[in-house]
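The values are calculated or read from the model by the stated rules, or taken from the named source; none is laboratory data. Predicted model, so just to flag it, every value in this text is computed and none were measured. Note that we place each Cβ from the backbone using ideal geometry, even for glycine, and neighbour counts take in every protein chain shown. Protein only, heavy atoms only, side chains kept; ligands, DNA and RNA dropped before computing areas. Shrake-Rupley method; radii C 1.70, N 1.55, O 1.52, S 1.80 Å.
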Amino acid sequence: MAFPSIFGAASAVAPAGGTGYVALTYANPRNGISGTGGDGDVAAGYTFGNPVDGISVSVGVVVTGLEPFGDSGSLNLGVSRLIGSSDRSATFVGASALGLGGWGDAEADGESYAGYVSHLRSIGLGSAEVPLQLTLGYGNRTTLADDRSGRVEEGVFFGVGAGIAENLSLSVSGTATQLNAGATLAIPQLEGLSLSAGMFDILDNTDRQQATVTVAFGF
């Protein structure tokens with residue numbers, strides 16, 4: 001079954017050290033604001049270290065908006081550490097800082113910080129083993145206010161992902177005010193390439209419903 005990624009929530013399960021990625025995300029409407037149209041972001045990152053023997057450190061950059069390209073963006077930093085494992089499960093802790101060193105329009109978004117715990121395990125379902133990922137965390141800019149103002153507040157977030165086929169995983173995530181859902185498909189014919197799609201605030205509780213599609217390549 002596919003590795004169970006989670007849409008819309010941070011995970012402490014880091015990529016292997018010495019690997020990187022590039023990704024293009026298209027979101028509509030921009031920032032979930034009705035009538036603003038769609039736009040894209042380009043992200044790239046690299047991971048150092050080993051969370052099993054030490055600490056994994058991931059660094060990245062996000063360029064927000066495609067027109068004009070490069071006039072807005074920020075840096076990201078994440079760390080991860082394995083704290084326990086068995087034959088069928090593993091638990092990681094992690095923390096991240098997003099929006100660092102913002103420039104252009106992204107500078108006004110401010111920085112966000114979060115800490116979280118992620119747990120991997122598999123469960124038997126008939127003759128198949130279904131891998132699961134669970135994550136639970138707390139951050140200073142994770143929860144949209146439910147007064148539909150678009151204000152971002154601190155709060156708890158969660159996520160659950162399941163590998164349901166050899167190359168496909170489904171997931172849900174959320175906060176106290178919104179629920180998100182998405183899917184990730186690995187392309188076996190093109191190693192390292194994956195597609196993901198999802199929707200934030202699927203119940204439109206915060207008036208910030210937004211659909212996204214991402215094409216990512218890991219190396």
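List of remarks:
- The residue that is least open to solvent (accessible area, probe 1.4 Å), among those in region 3-34 that are at pLDDT 95 or above, among the polar types (S, T, N, Q) and over 18 Å from residue 79 (Cβ atoms), is 25.
- Residues of region 133-187 that are of a type in the set (Lys, Arg) and under 21 Å from residue 111 (Cα atoms): 141, 151.
- Taken over region 147-179, residues that are of a type outside the set (Phe, Trp, Tyr), within 19 Å of residue 117 (Cα to Cα) and open to solvent by 70 Å² or more (accessible area, probe 1.4 Å) amount to 3.
- Residue within region 180-194 that is among the polar types (S, T, N, Q), crowded, with 18+ Cβ neighbours inside 10 Å and under 20 Å from residue 30 (Cβ atoms) present: yes
- Region 42-57 - residue that is in contact with a Gly (Cβ under 7 Å, 6 or more places away or on another chain) and open to solvent by 30 Å² or more (accessible area, probe 1.4 Å) and, of those, nearest to residue 71 (Cα to Cα): 44
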